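Accompanying notes for the structure given below.
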């Protein structure tokens, strides 16, 4: 780790004193900021006193859960990587809308535990003797713990109904886990891996997020049951690996059973970039006679069933299987791969409905058909089968391991309440910040355009050294030898922002203005970013067409005349909000940091990183989001720009609520810009691939 550039930190502190006030962003109303709850720590090395620090950490996860004080949400439990012999974990306090509680492992040591690796919750390891309760009555019996016997002789997978990492039984609901986020946990040793059953509260609304987890269980690796999904706030499993180890009963890699009274328009459970493996089913839904509607979405996921038996043998019943009347289940597939004897299966072959989006592929037993919307694979999908043991779950999480998250340190400085868009540059040996001012309180008035201008701040003195470009905003700067180029959009009073213009100067006093990127009919242009590559110059520019927002590209040989690259529009993974691009070229890749809209489980607007060799096919970093609003930053980490200075890389970014207040802050990566970008794409790590065509 390189030393910090103390000179730049001092420059940033000086610069804070000279920044102009932006009338639209001078409110710091704390009521608009997300609630910060209690943070508790778990470590087997702690003194088990109050859990308020690593030194005083609780020794068990359950002790920390018991210390959660209320249902206001925003509470956080951080666990040191280790193995925890715990079962039937119980949360008595839910999270809240917009303020999920979090239970997470300190996977890469960045949260201060002094360790890295998995937090393993092994429910087969507690020293107790567990049996099925013979007095539990009819139905699905519960377990009982015997006072006698040799618990050390009964270690191993405790496959007894209702015994698992998360507490629930026919008389006790798991609804206390509503609006919780689980991250980087490895759950194993019992009936289930990661999941919840509402049981006696069947039909209650339930939302949860599970990210970067492993779940292994006899009947399911992941599950959610007896709930009703909230519209726009489903149960989400993201970048997870789930496996079941049985074919008996309702076993599947994941099990989902919602209790809707009619088919919902949005999914009850979403599996995003997940790998699901089972001997008979990747997804199992329902049981014979149950009546309730369920909708499930698989996105960019791999559903793998290991049983490819011959038809006259004992073939698997289907990668996705349901025991229900077909009207009770709908499954959406988006860019998925399915491997198994057959894709879909149902009792009495009465298949449920499904839809497909993007490219969905199926590798099945050679005599089995594939459903509509699936491409039949001729060759064994080697790269997908490798996800049976994904690289991100194999590699070391040590500081030097390939999966350790690159460390970005948010410096304790804020550059005053000001506009969001800016570019740090070194021009003629001077570190400068090229920025803009506008008063958004005057939007849709005759005074809006007059409130806008571009300016240049000397980061060494904090003084404004240039002001120009009245009526323009969304500044981006590019240094070309001894010439400073600034690209900005022309504002209007009542019709948003128009074409992008280039301002150029050699002395920061005299500025030349010329049209760079003209808007198309009905289009509005905003942020832009320029880099040099081996073909000349490339610009990424933000547009509100066809997606609000997206970005496009244009090329130039001289920074003056630009030719748009036709047919390419970056809209992320499926036509989604992709704003504020900052573009760099580090051969052989183009890298772009862009703003992604709010994602369940994350705090508001977040910054993503992608790379491409050809501008067409883009890989998203497995560490996305690379920036997310933390305490005191509102709900926004946007408008990133960056430069390398004295061996370190500095990211300038905007915080706030995107409406009434905001400021510019700085994060530092201790290394070169090339190291910053390459470290976010570790070799062998799975990535999501999207197309700009």
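The values are calculated or read from the model by the stated rules, or taken from the named source; none is laboratory data. Remember, it's a predicted structure, so these values are computed and weren't measured experimentally. Glycine also receives a Cβ, built like all others from the backbone with ideal geometry; neighbour counts cover every protein chain displayed.
Data overview
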item	result
Boolean, residue 176 is over 18 Å from residue 255 (Cα atoms) and over 16 Å from the mean Cα position of the chain (by Cα)	yes
Which numbered condition residue 302 fails, given (1) in contact with a helix residue (DSSP H, G or I) (Cβ under 7 Å, 6 or more places away or on another chain); (2) surrounded by fewer than 18 Cβ atoms within 10 Å (Cβ to Cβ)	(2)
Qualifying position, being touching a strand residue (DSSP E or B) at 6+ places or on another chain (Cβ under 9 Å), free of Cβ contacts under 8 Å to residues at least 60 places away in the same chain and either more than 19 Å from residue 420 (Cβ to Cβ) or surrounded by fewer than 20 Cβ atoms within 10 Å (Cβ to Cβ) (or both), among 594, 590, 653	590
Listing of strands (runs of 3 or more DSSP E) fully contained in the stretch 437-547 that carry 2 or more residues being farther than 20 Å from residue 583 by Cα	453-458, 464-468, 512-517
Spans of strands (runs of 3 or more DSSP E) in the stretch 55-105 with at least 3 residues at pLDDT 95 or above	76-79, 101-105
Qualifying residue in the stretch 200-216 (condition: closer than 20 Å to residue 574 by Cβ, assigned to a loop (DSSP other than H, G, I, E, B) and in contact (Cβ under 8 Å) with a residue 60 or more places away in the chain)	no
Residue within the stretch 3-12 that is at pLDDT below 50, in contact with a strand residue (DSSP E or B) (Cβ under 9 Å, 6 or more places away or on another chain) and farther than 30 Å from residue 436 by Cβ present	yes
From the options 659, 674, residue that is outside any strand (DSSP E or B) and at pLDDT 90 or above	674
Single condition residue 332 does not satisfy, out of (1) within 25 Å of the chain's Cα centre (by Cα); (2) more than 24 Å from residue 118 (Cβ to Cβ); (3) crowded, with 24+ Cβ neighbours inside 10 Å	(3)
Close pairs (6 angstrom Cβ cut-off, 6 or more residues apart or separate chains): touching a residue at least 12 places away in the same chain (Cβ under 8 Å) and at positive phi in the stretch 169-192, surrounded by 23 or more Cβ atoms within 10 Å (Cβ to Cβ) and assigned to a strand (DSSP E or B) anywhere	184/105
Filtered residue count, the stretch 52-73, keeping only those that are buried (at least 19 other Cβ atoms within 10 Å of the Cβ) and more than 12 Å from residue 42 (Cβ to Cβ)	2
Selected residue (criterion: nearest to residue 639 (Cα to Cα)) from residues of the stretch 438-458 that are touching a helix residue (DSSP H, G or I) at 6+ places or on another chain (Cβ under 9 Å) and buried (at least 22 other Cβ atoms within 10 Å of the Cβ)	438
Test: residue in the stretch 166-189 that is part of a loop (DSSP other than H, G, I, E, B) and over 30 Å from residue 272 (Cβ atoms)	yes
